[in-house]
Amino acid sequence: MENYPTKHLLLLLLHLIFLVLGISQSRACHPTDKEALLDFKKRITYDPSRLLHSWLPNKDCCIAWEGISCDPSSGRVINLTRPGLFSDDGPVDTSMSGTLSPFLSNLSSLQVLNLEDLKDLKGHIPPELGKLTHLNHIFLDSNNLEGSIPGSIQGLTRLKSLFLDNNHLTGPIPRDLFKKMTSLSRLGLSENMFTGSIPSSIVEMVGLRYLDLHKNNFSGSIPESIGQLKNLVNLDLSKNQLGGNIPESIGNLSKLSVLDLSNNNLIGTIPSSIDGLKSLGFLVLSENRLTGLIPPSIGNLRRVQTLNLENNMLSGKIPTSIGNITNLNFIYFSNNKLMGKIPPTIARLQNLLILDLSRNGLSGPIPPQLLNLHNLQDLDLSFNPLALRSIPPWLRKLGLFRLRLARTGLEGNLPEWLSSSSPSTLDLSSNSLTGKLPAWIGNMTNLSFLNLSNNNFHSSIPHQFKNLSLLSDLDLHSNNLSGEMSPIFSKSSGFALGRFNSIDLSHNSFSGVIDAGIGDSAVMVYLGSLILSHNPLSGKIPESLGKLRYLQVLELEHNGLSGKIPENLGDAKLLQTVLLSENSLSGQIPQRLLNLNYLEDFNVSGNRLSGKIPPHKREIPASSFAKNHGLCGAPLPPCKN
């Protein structure tokens, strides 16, 4: 929940209200307010968008200054909204550097303080702002503010909105900060560095509708009395260090539409009271340590569209009641300890787009009733002991965009009906598939991701492979494939799509040389990972690999390569991993390669390299240079004259 959709609507409404007030202005700007605003301007050190260009001392701040609105009867400033927030086309992107002036506290009638998204407002939030008792709305989000929240703002009892998201604020939240803020309806403190527990005084804000604390370092438990916030619509506590159980009282939040508690350290079970969340549309409890069963009462959440419980330790069966949540679009249950069969009642979920049950202990078969999921685009049942033996032929009728059945017990040849299917992603890795890679694989022209690794395929790459013009990620490692790799490297590509991101052909029996022009090929221009290790290749490392500007991983171990390590491999500036061990490489190690800024993993052991190891900043172990009898210098023994 990065931002509230209603927040920008609120800002636009406030903008229009104060625009009307400005038109009816009769009293001149109060001198105290003008002085305070000019002090704010003085502390702005960089204004590249000239947001404050109209703030001139000889002009009336109520009439001529952009972003300022005043009470027409008193001339006191009631709205300070940073200029440039809106244009005729909507919100605009601007910036400003400087600090907040403590003299803003002299704007004694101020109702709206909006200095959001200036990106480089620095320093602390002045405690003097606690004097602005008429404030209704504070927007200081998306800046560079630091320090803690001043306890003085607890006296702002009229406050309705407080947004401090996306800064560098630290420390615990004062315990009684929210005790008197009973009018607050929107609180955003996300993407800071707050620590300590969530103060229990938060439940005093009985009118609170939006609460976003995500991406901080909050610890402790979720307040047991969180259920008292019965007006909550959005609750996001994700990406913190919260522990303990999910409070049973959470079931009292009947107006809640969004609940995100992901990426914490929550333990215990999902409370059965969760069925009280009658308005819930988005439930994310992933990346925790939740145990026990998925409560059958979850089937009463009839409005939920997204249900994400992945990466926990949930066990038992998937409740059949899940078929009652007919609005579901997305189910993510991967990486738990779920057992039993996939309930056929899932077939009732006619709106389902993604079903991810991977990495559990589910048993087969796949219920044929899933054929009724006409809108399903993504099916992932990988790493379950389904004992499928073959891919159910009825799956072709679903027209899936992504099909993942890795390690599900598949055997035998690839079924020919795949040739007339049109998935973009196909992952059948870690099975016992055998036979040749069929020529008809070239008919699967929608493929962008293909993973057939860890099987028993034994053939050369059919020349029809060149037809896979959209293919960008290919993993065929750990098979018995042979012949040349050229049909892969010379495949066609679309105008903007079909450029390779990753290629893994390791642990096969490919032979021949690596094409000298591999780095000149249009399909390789965006390549990030090239892994060809453990193949009986020959020839040299192509110099053209240095032209691959996005290459991060290069693994050519146990390949029988000879010649020198190309000097211009150091031109691939993003390289992080270079593994060239157990070949017959000779000559010296290029200094530029060894000193690449992002290099983390480097190994040239077991070659015929010679000379002094170039000076390098990275700490590389001696084992990475071992078994090269002509090499010397740190971290190996020093060279002899």
Quick one: if the Förster radius is 25 Å, what FRET efficiency do residue 459 and residue 525 give, using the C-beta to C-beta distance and rounding to 0.05?
0.30
Farthest positive-ward along the stretch 514-641 dipole, Cα basis, beta-carbon charges - from 588, 545, 572:
588
What list of ³J(HN,Hα) values in whole Hz, one per residue of the stretch 311-323 in order, does the Karplus curve 6.51 cos²θ - 1.76 cosθ + 1.60 (θ = phi - 60°) give from phi, with Gly and Pro shown as x?
6, 10, 10, 5, 10, x, 8, 6, x, 5, 5, 4, x
Probe 1.4 Å, heavy atoms of protein chains only: per residue, the accessible area of the chain in Å² is 42 Å²
Per DSSP H run of at least 4 residues, take -39500 (n - 2.57); add these up for the chain, divide by its residues and hand me the 222 nm value, nearest 500 deg cm²/dmol.
-2000 deg cm²/dmol
Dipole magnitude of the chain about its Cα centre (Cβ charges: Lys, Arg +1; Asp, Glu -1), debye to nearest 20
480 debye
Which lysines, if any, have their Cα less than 29 Å from the Cα of residue 627, not counting same-chain residues under 8 positions apart?
540, 564, 573, 612, 617, 640
Run the numbers for residue 341 and residue 549: contour at 0.36 nm per residue of separation, minus the present Cα-Cα distance, in nm.
70.1 nm
Calculate one ³J(HN,Hα) per residue across the stretch 376-389 by plugging θ = phi - 60° into the Karplus curve 6.51 cos²θ - 1.76 cosθ + 1.60, and present them in order as whole Hz with x for glycine and proline.
5, 10, 9, 10, 10, 10, 4, 6, 10, x, 6, 6, 6, 6
Would you be so kind as to identify which of 77, 426, 634 lies farthest towards the positive end of the dipole of the chain, taking Lys and Arg as +1 and Asp and Glu as -1 on Cβ and the Cα centre as origin?
426
Treating cross-link reach as a plain straight distance, find the lysines whose alpha-carbon is under 20 Å from the alpha-carbon of residue 59, omitting any fewer than eight places away in the same chain.
34, 41, 42
Förster radius 41 Å - calculated FRET efficiency between residue 133 and residue 329 (Cβ-Cβ, nearest 0.05):
0.35
Taking a point 7 angstrom from the Cα of residue 248 along the C-beta vector, which residues in the stretch 257-289 have backbone N less than 12 Å away?
271-274
Label points 7 Å out from Cα along the Cβ direction at residue 640 and residue 509: separation in nm?
4.5 nm
How much length, in nm to one decimal, is gained on full extension between residue 241 and residue 608, taken as 0.36 nm per residue of separation minus their Cα-Cα distance?
127.1 nm
Separation in nanometres of the label points that stand 7 Å from Cα toward Cβ, at residue 176 and residue 56:
5.0 nm
Taking the Cα-to-Cβ direction at residue 303 and at residue 422 and moving 7 Å from each Cα, how far apart do the two end points lie in nm?
3.6 nm
Once amide H atoms are built 1.01 Å from N in the peptide plane, which residues 5 or more positions from residue 148, or in another chain, come under 5 Å H to H?
170
Qualifying trypsin sites (Lys or Arg not before Pro) in the stretch 480-557, DSSP loop, other Cβ atoms within 10 Å at most 13
549
In the stretch 479-511, chymotrypsin sites (Phe, Trp or Tyr not before Pro) in a DSSP loop with at most 10 other beta-carbon atoms within 10 Å:
495
What lysines could a cross-link reach from residue 436, if we take a straight Cα to Cα line under 24 Å and drop same-chain neighbours fewer than 8 places away?
466, 491
Calc'd 3J(HN,Hα), the stretch 118-129, phi into Karplus 6.51 cos²θ - 1.76 cosθ + 1.60 (θ = phi - 60°), Hz, glycine/Pro = x, comes to 8, 6, 9, 6, 10, x, 8, 6, x, x, 4, 4
Enumerate the residues in the stretch 403-430 having an amide nitrogen under 14 Å from the point lying 7 Å beyond the Cα of residue 480 toward its Cβ.
412-413
Peptides ranked, highest mean first, by Cβ atoms within 10 Å: ranges 412-423, 344-355
344-355, 412-423
Over the stretch 393-531, with a single point scatterer placed on each C-alpha, what log10 of the ratio I(q)/I(0) does the Debye formula yield at q = 0.11 1/Å?
-0.37
Sorting 367, 170, 235 by the position of each Cα along the dipole of the chain (Lys, Arg +1; Asp, Glu -1; all at Cβ), the one nearest the positive end of that ordering is 367
Amide H of residue 56 versus every other amide H placed in the peptide plane: which residues, excluding those fewer than 5 positions away on the same chain, fall under 5 Å?
none
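The values are calculated or read from the model by the stated rules, or taken from the named source; none is laboratory data. Fair warning: this is a prediction, and the values are worked out from it, not measured in the lab. Don't worry about glycine lacking a Cβ; one is built from the backbone with ideal geometry, like all the others, and counts go over all protein chains shown. Note: areas computed on protein heavy atoms with side chains; ligands, DNA, RNA excluded. Shrake-Rupley method; radii C 1.70, N 1.55, O 1.52, S 1.80 Å.
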